[in-house]
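For reference, the structure is listed below as structure tokens.
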Amino acid sequence: MNINEKDFSSGLKEWNAGIIPGAEGNDPGSDWHYRMISEVIADYTFILDIGPGNNLKLNWASDDLLHYTGRKAGEIMTLDDWKTVVHPEDVPGLLNFIGQMLTNLERGTFECRSFHKDGHERWVRIFARQKTGQDGKPSHIIGAVREITRQKQTEQKLLYSEQKYRKLHSSMTDAFCSVNMKGEMQEFNDSYREMLGYSEDELLTLTYVDLTPAKWHAMEARIVEEEILPNGSSGIYEKEYIRKDGKIIPIEIRTFLVRDEAGQPSAMWAIVRDITERKLTEEKLKAALEEKETLLREVHHRVKNNLQTVMTLIQMRSPEIKDEVSLRILSELQEQIRTISVIYRELFQSERLSKVIMQPYLELLTSYLLKTFHHENHIKVKVDCMEAVLDAKWAMPCGLIVNELVTNALKYAFPQGFNGEPLISVRLWNDGDTYTLKVSDNGAGLPDSLDIQNPSTIGLQLVNLWARNQMDGNLDIDFTNGTVVTVTFNVSCTPVENSSSNS
């Protein structure tokens, strides 16, 4: 059983009055009284005599106190002896406390660190009270010692935690605020106050709703109900604050729920960041990007027009050429230029200026080829690109390969008298970064004498060049049943630039 200061003082008053029954002569100095006190309380007790000149001398100490300090009664008789029991840093405070007890302090408490004889340090709280003699002057100091080491350790941990929190609170570059469940401001750091331009007293009269433009109220109420209350926190979201000067600033915020001991929501903490500079940078980048896109569209448009001009010039001069071989070469060259021109048309019309959606691109390309090479067999061309989207640097060689292979199929795969329904198939799909382009027909196929690695025809030489050299891909030709040309390439690699011109 522990006693508090009030209980201890009350007991001493009774003892001083001599009303404790059973004591021989009620002598306050008898061992019976001392033993009784030490046995009924858990604290360690002592009595000091106040001699001439206010010199203190140990009159009596409980066995527990002697055991606690690791000393014998004769080793702590005087004040100098007691100084060896107390931590040196606490000795001045002890002397001041004793001085008060000898003069104007009837009772009091003092906390200090004490040493066991083996050097072990512990915290104690000393309860003390004057006992006056028959002359009305202080004759004794009666006291009790209670160990409070665990309490002090807990207090120090709490203090350290509080100091860390305060240090974090004050040193955060991000703003911090805490509100109760009504949204009323409870706490905030300097960064939060400076961001909004209010004084501390002014902020404490506001709610976070007061600081938020009305257009965000419904959204933020929804976040509280759907995220913070059920999940304990929100994701990072953006909204705006109204500064004291009326300026609207964009912020980024994340909020955490605080619950009381009963588990009920009691407050919300928020980490807030002013993102004004970021928003300004984003707007500048957006404007720069829009300008770049406008310029790039103009470039695509002009390249397309220039290529179409070249095609027109070839078409205008073609009647002057009488040689059939030269005419055929010019016609093939014209189709290759058209293939490139269509790329730039698609880029000009696309929202993504460097990406080509392959399905409409190849459909348009093959439709031009069907119009160019009229065929009595009513050949069908089926395009299936499975929503493939390629960067222009990959789409260009793919288009040239498709142009060459579909042209060859239209010209040679279905001779007069062909039985069946002529079909040319163009497929493009991917597995991760690896793409497969397959162009096939159900026609007459290619001759057995064809060397795939070293083809003799210009068309297949170009296909081989684009597939292997420019795209760094693999080329496979199967003419077991019609003709099937398969090109595989990896878009994580960098295609070789200008390989066709270098050849």
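Every number in this text was worked out from the coordinates using simple rules, so none of it is lab data. Keep in mind the model is a prediction, meaning the values are calculated, not measured. Neighbour counts are summed over all protein chains in view; Cβ atoms, including those assigned to glycine, are modelled from backbone coordinates with ideal geometry.
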- If you find the alpha carbon centre of the range 170-210 and of the range 379-422, how far apart are they in angstrom? 67
- Message: Could you work out how much longer the chain between Asp245 and Lys393 gets when fully extended? Use 0.36 nm per residue separation minus the Cα distance between them, nm to one decimal.
- Response: 48.0 nm
- Which distance in nm do the two modelled labels at Asn54 and Tyr412 give, with both placed 7 Å along the Cα-to-Cβ direction? 12.3
- Item | Spin-label pair Leu158/Lys284, simplified geometry with 7 Å Cα→Cβ offset, distance in nm | 5.1
- Query: For Ile148 and Glu106, what does the FRET efficiency come to when R0 = 22 Å and r is the distance between their Cβ atoms, rounded to the nearest 0.05?
  - Reply: 0.45
- Note on the structure: Leu327 and Arg259 label points (each 7 Å along its Cα→Cβ direction) are spaced in nm at 8.8
